[in-house]
Structure formats: C-alpha cells, structure tokens
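Visitor: I have a structure here, written as structure tokens, and I will follow up with some questions on it.
The values are calculated or read from the model by the stated rules, or taken from the named source; none is laboratory data. In this text, all values refer to a predicted model and were calculated from it rather than measured experimentally. Please note: Cβ atoms are built from the backbone with ideal geometry, for glycine as well, and neighbour counts cover all protein chains shown. Note: areas computed on protein heavy atoms with side chains; ligands, DNA, RNA excluded. Shrake-Rupley method; radii C 1.70, N 1.55, O 1.52, S 1.80 Å.
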Amino acid sequence: MSGYFQDLFSGGKSLVSGMLVTFKAFMKPTVTVHYPRQKIDVTPNIRGRLKMLLDEETRSHRCISCMRCARECPSSCIELKGEKQEGVKGKVLVKYTYNYTFCSLCGSCVDACPTDAIDFSNEYELASFSKADFHFDLLREVEEQK
C-alpha cells in the first residue's frame, strides 16, 4: 500500500514541476512571426530560384551561351540556345528557360558559369497551383528589367 502512495506522490510532484515549466513558458513573450502580415529578414545566402544578372555597364545579360550551366546541371532543368549572328563575335543568347520544378538547388550551374551570369534570387514566396508557373524564361525577365 505504501508503494501506491509513493507513486501517487511522485506523480503529483512530476505534474507540479511540469506545470511550473509550462507557466514560465506561458509568461515569456512570443517569438512567432505571423507570416502573411509580418515578414522576417531573409539571409542574403538563401537559394531561391535562378535569375540572370545584368551587366551594369552594358545593361544587358552577361551570358555568352557556353552551355556550361546546362551541362553541369544534374537535374537537366536548364535549357538554353545560342546562335551565331553576323557582325557579332561569339554566340548570341536566343533562349534561356529554367524549370524550377526539377531544380535541386545544388548550385552547380552557378559555380560553373565563367561570366557569373546567373545567381540565386532571394525569392522565397514561390507558391502556385500550376506547374507552368514554375517554368521561367530568364532571358525575357532580363529584357524586362532594362
């Protein structure tokens, strides 16, 4: 019978100590961010989707159509096309599409680019009901930035 009361006493003691921990946590200020209304500052090292960088001097993209990013991509989510045009040295970028649904965000394409033409963006609010919304034409986006 004494074992019963001993278990009852230790259980009550455990309950009171647990309630004290809960009460202390209840009195502390909240650290929750109410997301749609409040936003936190995101680290600049976040890996969002790919974006093409503008060259500040020429106000154009830096891509030389070397195809290294497409070859290095393990997910094959980058498709680009360069054409030789008269009067221009090297290839001219005609098409640069990026399929974010396949991307593993490994960074191989960014590391392989010799001209630093692509980088990760800081966009983290990418949500949609359609897969087509995650197919990006990066060349068109750069042309719109001009």
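Visitor: How much of the accessible area of the chain, probe 1.4 Å, is carbon plus sulfur, in whole percent?
Guide: Ligands and nucleic acids excluded, carbon and sulfur reach 56 percent.
Visitor: Then there's this: Quickly work out the Tyr35-to-Ser76 label distance, labels modelled 7 Å from Cα along the C-beta direction, and quote it in nm with one decimal.
Guide: Result for the modelled spin labels: 3.3 nm.
Visitor: Another question, then. What accessible area, in Å² to the nearest ten, does a 1.4 Å probe give for Met67?
Guide: 70 Å²
Visitor: Pull out the extension gain between Glu125 and Asn99, defined as 0.36 nm times the separation in residues minus the alpha carbon to alpha carbon distance; nm, one decimal.
Guide: Here the segment from Glu125 to Asn99 would lengthen by 7.7 nm.
Visitor: Roughly how many Å² is the accessible area per residue of segment 6-146, as a whole number, for a 1.4 Å probe?
Guide: For segment 6-146, the solvent-accessible area averages 74 Å² per residue.
Visitor: Work out the count of Lys pairs in the chain where the Cα-Cα distance is under 18 Å, with the pair 8 or more places apart or on different chains.
Guide: The number of close lysine pairs in the chain is 9.
Visitor: Helix-derived [θ] at 222 nm for the chain: sum -39500 (n - 2.57) over DSSP H runs of at least 4, divide by residue count, nearest 500?
Guide: Here the helix-only value at 222 nm equals -9000 deg cm²/dmol.
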